[in-house]
Amino acid sequence: MNLKRAATILLALPLAALLGLSQAWCGAGDDAFSAFVANDLKRAGELARPAAKSGDFMAQFVLGRMCQEGKGVEKDKIEAEKFFRQALAQAEPAAEKGDARAQYVLGKMHDIGWVLPKDDSRAMAWYRKAAEQGNTFAQTNLGIMYENGRGAGKDFKEAVSWYRKAAEQGHAGAQSSLGWMYQEGKGVAQDDKEAVSWYRKAAEQGDASAQRNLGWMYRNGKGVAQDDKEAVSWYRKAAELGDSGAQKNLGWMYQEGKGVTQDDKEAVSWYRKAAEQGGVDGQYNLGLMYAGGKGVAQDDKEAVSWYRKAAEQGNAPAQDSLGFMYEKGRGVSQDDKEAAAWYRKAAEQGNAGAQNSLGWMYRNGKGVTQDDKQAVSWFRKAAEQGVVNGQFNLGYMYSNGLGMARDYKEAMAWYRKAAEKGSVNAQFNLGLLYAEGKGVARDDKEAFVWFRKAAEQGAADAQFNIGLMYGGGQGVARDDKEAMAWFRKSAEKGFARAQKNLGFGYAAGRGAARDEKEAKVWLRKAAEQGLVEAQVKLGSMYSDSWGTEPDLKEAVVWYRKAAEQGDAAGQYHLGTMYAIGVGGLAKDDAQAVSWYRKAVAQRNAPAQARLGFMYEKGRGVPQDPKQAVSWYRKAAEKGNAFAEFHLGRAYEDALGGLAKNEAEALRWYRKAADQDFIPLGEDLKEGPLWVKVSADRSAARKSAAAKEKKKP
């Protein structure tokens with residue numbers, strides 16, 4: 001809630017106070033003016049009409065005001081001008097003769113530009129003449145002109161001097177203005193207690209702006225003990241007098257349940273009263289209530305309508321909200337250009353949220369030409385005002401070198417600001433910088449700290465990383481159970497990589513009891529999201545018969561999904577299914593070779609080995625022992641046991657142009673045997689050297705087992 005000072009010059013003042021002025025008001029016209037100032041418009045009209053006919057310039061001035069402002073009568077500028085001209089004809093000679101009331105009237109006419117040309121210097125001159133005779137209205141208006149630098153240079157001390165003269169004579173408007181000067185420390189030493197004292201004097205006379213300001217002082221504990229109930233009491237007095245600021249403030253008290261029972265409907269009622277008077281804050285707040293469906297049926301069109309009213313009056317939060325509605329297409333047709341236009345209006349007034357939003361529009365080329373430098377500029381403005389998203393976005397731009405040179409240290413500084421305010425994204429990215437040693441020395445413990453903060457706020461990617469760190473003992477003691485617990489948290493939010501790791505954990509019995517069904521459940525979730533590692537693993541579980549009958553058709557389905565995404569392992573397995581002719585696939589060597597080739601293009605060792613075998617046997621390709629040996633070697637050098645065995649056999653049998661070489665054959669056989677390779681099916685061609693290697697390996701294992709058994 002913002003404390004706002006009333007801009008009114010003629011403020012409510014009871015008749016008794018008026019009659020106590022140093023220069024007494026007299027006659028029906030003066031009584032009409034008193035009634036008008038006191039907002040007793042019916043009495044003002046009743047007194048002014050007959051007096052105006054008899055030539056009373058004060059009565060004519062009052063009727064002009066009523067017609068001009070539509071107070072107590074319908075607004076009618078032609079009638080207003082008629083009455084002002086009548087008043088002017090009488091007031092000019094009276095003013096020249098020293099009549100303070102007439103001098104005030106001429107000052108007012110020049111001040112506003114009614115009939116006479118708007119002229120601050122002339123207005124000030126006439127106000128001064130009347131003020132020096134003790135006219136409190138002129139003294140107050142003279143103070144306002146000095147405060148605002150109209151007709152003379154801005155002079156707060158001079159403003160205070162004239163406000164005080166009128167205030168000490170009991171003028172409520174001057175008392176309220178003097179209270180404001182004390183509150184703001186303008187022309188006097190700042191003093192909330194003095195401010196409260198003067199506000200109270202005016203408020204007790206029924207001055208609405210003073211009542212509102214006194215309510216604000218109680219609400220915020222300025223110059224008085226903080227007291228929401230007392231704040232509500234003063235807001236209500238002012239609100240019932242029609243003060244739109246007080247109506248808005250009272251609405252806020254009801255919305256927040258401060259000093260009253262929380263009541264959104266009552267809040268809406270008061271916001272509406274303020275809004276219908278043109279109060280921008282009331283209009284904006286009423287828009288918020290419609291947007292959120294609080295105290296009123298949710299209605300985006302109504303929200304937009306009220307936002308627009310406030311926005312067109314220059315209210316920056318309303319402009320920001322209207323931009324949001326256009327961006328999201330709520331209550332209006334979606335329109336990025338309109339969104340950007342309203343964000344800009346608010347941003348240029350310093351609205352930090354709009355600055356961040358405008359930066360985002362530039363970053364993404366929404367409604368404006370894409371421009372990272374502009375994005376950085378607006379993100380920085382928002383960030384420097386403490387907007388968390390602005391700080392995160394600026395960190396992101398530094399981290400990725402967008403719109404500026406990449407600078408991880410700056411990125412880290414801005415991420416930290418946002419992270420310390422609870423930004424999940426910033427906490428996660430800060431963790432990444434520590435984990436990767438960017439902008440700072442690598443520090444797994446610090447990375448773990450920030451990932452955990454984000455994870456505890458429910459960030460699935462951070463929960464996954466915490467699982468990885470527990471599983472790998474990075475920055476924290478290794479704990480497979482904790483790893484699985486964090487993977488589950490992330491997986492339950494739909495994070496595919498966590499679902500995959502959870503499936504792998506159940507499949508391997510790591511951090512949880514081995515459980516094929518659970519493994520398949522989680523792998524399927526990840527696989528259905530397109531994660532190829534999960535698709536391949538799920539395929540292997542269906543093909544390898546994990547405690548249940550294999551389902552080769554299902555295996556083919558998942559291998560194909562991975563293969564068609566370009567995954568080399570999926571391509572290799574699908575090729576093998578074609579080579580064997582299982583899973584509902586007809587045996588098709590050409591298809592097998594085709595998939596193997598796709599995989600070997602990615603240097604997949606099992607596919608290289610199988611392609612070698614296809615060349616050796618002339619399956620799907622012309623038989624070519626040299627090509628076979630070439631592919632066996634490529635795969636064997638990567639540690640593929642199938643290829644090591646067949647390369648050993650090639651040396652033993654002098655295949656593909658190789659010279660028979662027993663030592664090389666034994667070397668490659670031993671490598672295959674070290675991996676417990678067992679020739680099966682078409683591989684089953686065991687030469688004497690392989691038989692020897694197998695026998696030696698078996699004897700060595702028996703000996704090792706016997707020694708182990710003898711240990712005490």
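The values are calculated or read from the model by the stated rules, or taken from the named source; none is laboratory data. The shown structure was predicted, so the numbers you read here are calculated from the model rather than taken from an experiment. Here Cβ is always computed from backbone atoms with ideal geometry, including for glycine, and neighbour counts include all displayed protein chains. We work out accessible area using only protein heavy atoms, side chains counted, and drop any ligands, DNA or RNA first. Shrake-Rupley method; radii C 1.70, N 1.55, O 1.52, S 1.80 Å.
Those helices (runs of 4 or more DSSP H) of the range 534-647 in which 1 or more residues are charged (D, E, K, R) occupy 552-564, 589-600, 605-617, 625-636. Close contacts from the range 415-436, counting a first residue that is within 15 Å of Val387 (Cβ to Cβ) and a second that is open to solvent by 30 Å² or more (accessible area, probe 1.4 Å) and charged (D, E, K, R), with Cβ to Cβ under 8 Å and a gap of 6+ residues or different chains, come to Ala419/Lys453; Ala426/Arg416; Ala426/Lys417. Where residues in the range 71-83 are open to solvent by less than 50 Å² (accessible area, probe 1.4 Å) and out of contact with any Leu (no Cβ under 7 Å at 6 or more places or on another chain), which of them is farthest from Lys108 (Cα to Cα)? The qualifying residue farthest from Lys108 (Cα to Cα) is Val73. Of the residues screened, Lys634 is one that is within 30 Å of Ala590 (Cβ to Cβ) and touching a residue at least 24 places away in the same chain (Cβ under 8 Å).
Name every residue in the range 473-502 that is in contact with a Lys or Arg (Cβ under 7 Å, 6 or more places away or on another chain), part of a helix (DSSP H, G or I) and not aliphatic (A, V, I, L, M), in order of residue number. Scanning the range 473-502 gives Asp480, Gln499. Could you please give the count of residues in the range 109-135 that are assigned to a helix (DSSP H, G or I) and open to solvent by 10 Å² or more (accessible area, probe 1.4 Å)? Result for the range 109-135: 10.
One residue stands out in the range 340-349 among those that are under 17 Å from Phe379 (Cβ atoms) and in contact with a helix residue (DSSP H, G or I) (Cβ under 7 Å, 6 or more places away or on another chain): the one that is surrounded by the fewest Cβ atoms within 10 Å (Cβ to Cβ), namely Arg344. Across the range 160-177, a minimum of one residue is classified as β-branched (Val, Ile, Thr), more than 41 Å from the chain's Cα centre (by Cα) and assigned to a helix (DSSP H, G or I).
Restricting attention to the range 437-459, the residues being without any contact (Cβ under 8 Å) to a residue 24 or more places away in the chain and at positive phi number 1. Scanning the range 136-153 for residues that are assigned to a loop (DSSP other than H, G, I, E, B) and either modelled with pLDDT under 95 or among the charged types (D, E, K, R) (or both) returns Arg150, Gly151, Ala152, Gly153. Exactly one residue out of Gln68, Gln86 is in contact (Cβ under 8 Å) with a residue 24 or more places away in the chain, open to solvent by 20 Å² or more (accessible area, probe 1.4 Å), in contact with a helix residue (DSSP H, G or I) (Cβ under 9 Å, 6 or more places away or on another chain) and more than 29 Å from Lys154 (Cβ to Cβ), and it is Gln86.
Considering the range 202-232, and only residues there that are among the charged types (D, E, K, R) and buried (at least 20 other Cβ atoms within 10 Å of the Cβ), the residue that is nearest to the chain's Cα centre (by Cα) turns out to be Arg219. Just so you know, in the range 233-246 the residues that are open to solvent by 10 Å² or more (accessible area, probe 1.4 Å) and in a helix (DSSP H, G or I) include one that is nearest to Gln277 (Cα to Cα), and it is Ser244. For the range 183-199, a residue qualifies if it is out of contact with any Lys or Arg (no Cβ under 8 Å at 6 or more places or on another chain), part of a helix (DSSP H, G or I) and open to solvent by 30 Å² or more (accessible area, probe 1.4 Å), and the qualifying residues are Glu184, Lys193, Glu194, Ser197.
Here is a check on your reading of the model: is Lys417 of a type in the set (D, E, K, R), under 22 Å from Tyr284 (Cβ atoms), open to solvent by 60 Å² or more (accessible area, probe 1.4 Å) and not in a loop (DSSP other than H, G, I, E, B)? Judged against the criteria, Lys417 is not a match.
Of all residues in the range 350-399, which are polar (S, T, N, Q), in a helix (DSSP H, G or I) and surrounded by 24 or more Cβ atoms within 10 Å (Cβ to Cβ)?
Within the range 350-399, the first condition is being polar (S, T, N, Q), and the residues that meet it are 351, 355-357, 364, 369-370, 374, 377, 385, 389, 391, 393, 399.
This time we only want the ones that are in a helix (DSSP H, G or I), so: 355-357, 364, 374, 377, 389, 391, 393, 399.
Within the range 350-399, Gln355, Asn356, Ser357, Gln391, Asn393 qualify.
Filtering the range 140-174 to residues that are closer than 15 Å to Gly107 by Cα and either β-branched (Val, Ile, Thr) or open to solvent by 50 Å² or more (accessible area, probe 1.4 Å) (or both) leaves Thr140, Ile144, Arg150. Look through Val304, Val332, Val280, Val268 and report the one residue that is farther than 23 Å from Asn364 by Cα, at pLDDT 95 or above and open to solvent by 20 Å² or more (accessible area, probe 1.4 Å). Being farther than 23 Å from Asn364 by Cα, at pLDDT 95 or above and open to solvent by 20 Å² or more (accessible area, probe 1.4 Å) holds for just one of Val304, Val332, Val280, Val268, which is Val280.
A count restricted to the range 651-675 and to residues that are in contact (Cβ under 8 Å) with a residue 24 or more places away in the chain and not basic (Lys, Arg) stands at 14.
For every residue, the table says whether it meets (1) within 21 Å of Lys685 (Cβ to Cβ); (2) out of contact with any strand residue (DSSP E or B) (no Cβ under 9 Å at 6 or more places or on another chain); (3) free of Cβ contacts under 8 Å to residues at least 12 places away in the same chain; (4) open to solvent by less than 50 Å² (accessible area, probe 1.4 Å).
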site	(1), (2), (3), (4)
Ala569	no, yes, no, yes
Tyr578	no, yes, no, yes
Ala590	no, yes, no, no
Met614	yes, yes, no, yes
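So, Asn640, is that one surrounded by 13 or more Cβ atoms within 10 Å (Cβ to Cβ) and without any contact (Cβ under 8 Å) to a residue 12 or more places away in the chain or not? No: the conditions fail for Asn640. Within the range 449-457, the presence of a residue that is surrounded by fewer than 24 Cβ atoms within 10 Å (Cβ to Cβ) and closer than 20 Å to Ala526 by Cα is excluded. For the range 470-484, a residue qualifies if it is of a type in the set (Gly, Ala, Ser) and surrounded by fewer than 17 Cβ atoms within 10 Å (Cβ to Cβ), and the qualifying residues are Gly472, Gly473, Ala477.
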